[in-house]
Amino acid sequence: MDPINPLEQALHAARARVLADLVAGQVAEADVVSLVEESIAQRRWWVEQWPDGVAFVAGLVAQDVQDALLERHGRWPLCPVCGSGDPHALDVEPELGPHPHWVCHKAGVKVASVGSLGSATGGMMSS
Ligand SMILES: [Zn+2]
């Protein structure tokens, strides 16, 4: 085990970023955290097959967790930008690329980098 293995580093960073966004959305429950671990395990295999994909891991894990949550808990993360209308989820953009962001397609805005939703939602956890 090499502690500075770039794959493990990328997976660790992806896990931390997605967990931070889950905490920001107040959905970081034990079963949700296990969804993140499941995605990390799958993406580890995926990057081993395609090492060039290592930069895309954070965005992919975010999308995996979003899909898994949709089935079990509902939409995540809810858009913090649009104050009215139907609650809707943010999307990851680019779907396959480095530096993934959460975007609201309704308002057409970038909301935050994946991993920084907490600051975009005004630190609602700080009470
Ligand atoms: Zn919106």
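Computed from the coordinates by the stated procedures, all read-outs in this text should not be read as laboratory data. As the structure is a computational prediction, the values presented were derived from the model and not from experiment. Note that each Cβ is placed from the backbone with ideal geometry, even for glycine, and that neighbours are counted across all protein chains shown.
Here are a few things to note about the model shown:
- Here is the figure for the range 106-122: residues that are within 14 Å of the ligand (Cβ to nearest atom), assigned to a loop (DSSP other than H, G, I, E, B) and small (Gly, Ala, Ser) total 2.
- Of the set (1) surrounded by fewer than 19 Cβ atoms within 10 Å (Cβ to Cβ); (2) under 20 Å from Ser116 (Cα atoms), all apply to Ser39 but (1).
- Among the residues making up the range 29-50, those that are under 15 Å from Asp64 (Cα atoms) and hydrophobic (A, V, I, L, M, F, W, C) are Val32, Val33, Leu35, Val36, Ile40, Ala41, Trp45, Trp46, Val47.
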